[in-house]
Amino acid sequence: MIVYSPRYAIDIGPHVFPTQKYRLVVERLLAEGVVRREDLVEPEPATWDELALVHTHVYLAKLRDGTMTPEDVRQLELPWSQAMVDGFRTMVGGTIRAALHAAANAGSRMASPVVCHVGGGLHHAFPNHGEGFCPFNDVAVAARVLQRRGLERIAIVDLDVHHGNGTAFTFESDPRVLTCSLHQQHNYPVWKPAGTIDVGLADGTHDGTYLDALAAVLPRVLAHNPGCLFYLAGADPYEDDQLGGLKLTKEGLRRRDRMVIDAVCGAGVPLVIVLAGGYARRVEDTVAIHCATIGEAVRAATERTPSSDR
């Protein structure tokens, strides 16, 4: 199952955030036969009540009514429009849809349900404000939706190049939610609230050092015994990313994805994959990295599906 909506191609004007990447990823996956059109599921927008599980009513009113201040817009780094709000609400709905499907299929004949969302990973949004291109925190909202339905223990593995400050802050007092971030230490954001596991990496970190650090923390993540794990598979640790300073190759990023996916699926934990950031100088590189992530997920799901169900 691949969750995606054409509404993610939000017009934000000339910007380093390539919102067209979501459409380009889906087009490439279909063209290469990695997924079929019938695998695609279009989500409904998150309701305002669902968003309020994380975000304050005052902040949501600003987004809903278009009353954001100039300072709010500067901090968000996106221009306000109704289309922007609707597009990102739909993206939050996509992560909710993916999480509910993964959780509902836990214990099925699949060793571990894997659901990909061609979107999401908006980890810089705080309860009372948005920042860093993130008006809502989709993973935080989806985690709260799962908790409201009785699935309380959750893990979030954030492998974007930037620390997930909004996510860490949101769950800092909730021991049921483990947050794990591997990020470039000397990069945005300046203030990095402490998560459960934080690994700040040096500028220029290459594949081997990164993968060793990841291998060291994954057992700690799985020891939390989560009922669902969210994986933010950022493309921006790539060596030619405009907003990142790590030096991972495309092959290194594919090995990263395989390590996470195999570990989580091998532990029988439902897995939700969201794309998070990606700002390569060539958008084609960002698209290729995201497609490789989803390709690894499809491989894992196929390998773990009984042959009679294929």
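The values are calculated or read from the model by the stated rules, or taken from the named source; none is laboratory data. Remember, predicted model here, so these are calculated numbers, not experimental data. These area figures cover heavy atoms from the full protein model, side chains too; ligands, DNA and RNA do not enter into them. Shrake-Rupley method; radii C 1.70, N 1.55, O 1.52, S 1.80 Å.
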Worksheet item: What are the radius of gyration and Dmax of the chain, computed over its Cα atoms and given in Å?
Response: 17.7, 58
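Kirkwood hydrodynamic radius of region 157-295 from all distinct Cα pairs, in Å?
With all distinct Cα pairs of region 157-295 included, I get 14.9 Å.
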Worksheet, complete the sentence: To the nearest Å², the heavy-atom accessible area per residue of the chain with 1.4 Å probe amounts to 39
Item to complete: Name the most mobile residue of 185, 147, 82, meaning the one with the largest mean-square fluctuation, in a Gaussian network model of the chain with Cα contacts below 10 Å.
Response: 82
Item to complete: Any lysines with Cα under 30 Å of the residue 62 Cα? List them, leaving off those in the same chain fewer than 8 positions away.
Response: 21, 192
Worksheet item: Given a 1.4 Å probe and every protein chain left where it sits, what share in percent of the accessible area of the chain is carbon and sulfur?
Response: 51
Item to complete: Check every DSSP H run in the chain and write down those whose alpha carbon atoms cover 30 angstrom or more along the long axis and whose mean Kyte-Doolittle hydropathy is -1.0 or greater.
Response: 82-104, 283-304
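Any chance you could list the semi-axes, whole Å, largest first, of the equivalent ellipsoid that the Cα gyration tensor gives for region 258-306, using √(5λ)?
Output for region 258-306: semi-axes of 25, 11, 7 Å.
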Item to complete: Normalise the Cα radius of gyration of region 9-157 by 2.2 N^0.38 Å (N = residues in it) and let me know the number.
Response: 1.09
Item to complete: Divide, for region 1-57, the radius of gyration over alpha carbons by 2.2 N^0.38 Å, where N is the residue count.
Response: 1.42
